[in-house]
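Where a number appears in this text, it was derived from the coordinates with a stated rule and is not lab data. All figures in this text were calculated on a predicted structure; none of them were measured in a lab. Cβ placement follows ideal geometry from the backbone for every residue including glycine, while neighbour counts extend to all protein chains displayed.
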C-alpha cells in the first residue's frame, strides 16, 4: 500500500530518487539547503521504502512552482505521481485562500510533457 506523508526527505534519500530517475546527484549540503527552502514536501512510501517525492517552492502568495515530481522507475505508471500531484494541488488550494490569483508553474522533464 502506498502512503503519502508530508515530510522532507534526507539529502541521501533525495539523491537516491534523482539518481533513480536519471537526474544525477548533488552534494548533500546543496540538497539540504534546497530542501530547507521548500514550502511543502510530500514523500510517497511503499511500506518503509521511499519511492516518490514532490515539492512546492515559491513565496506562498504570488508565485508557486511545482517541482521535483519523481517516482522511481519500478513504481512508475501506477498513479503514484498522480497521487503526489493531487496532494500538491490540495496544498496550492490552501495557498489560494490568501490570494486566489496566485501564479502556479510546472516544468516537465523532456519526454514527460504530457
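Results, tabulated for the structure shown:
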| item | result |
| --- | --- |
| Residues residue 48 and residue 104, FRET efficiency given R0 of 22 Å [Cβ-Cβ distance, rounded to 0.05] | 0.10 |
| Contour excess over end-to-end distance, with Cα ends at residue 38 and residue 23 and 0.36 nm allotted per residue | 3.5 nm |
| GNM flexibility winner over the chain from 51, 69, 30 (Cα, springs under 10 Å) | 30 |
| MRE, 222 nm, helices only [DSSP H, n ≥ 4, -39500 (n - 2.57), over the chain, to nearest 500] | -9500 deg cm²/dmol |
| Rounded tilt (10° steps) of 80-95 against the dominant C-alpha axis of the chain | 20 degrees |
| Largest-first ellipsoid semi-axes for the chain, taking √(5λ) over the Cα gyration tensor eigenvalues, angstrom | 22, 16, 14 |
| Set of the range 3-29 residues, backbone N closer than 12 Å to the point 7 Å along the Cα-Cβ line of residue 78 | 3 |
| Sequence ranges 14-26, 95-107, ranked by mean other-Cβ count within 10 angstrom, highest first | 14-26, 95-107 |
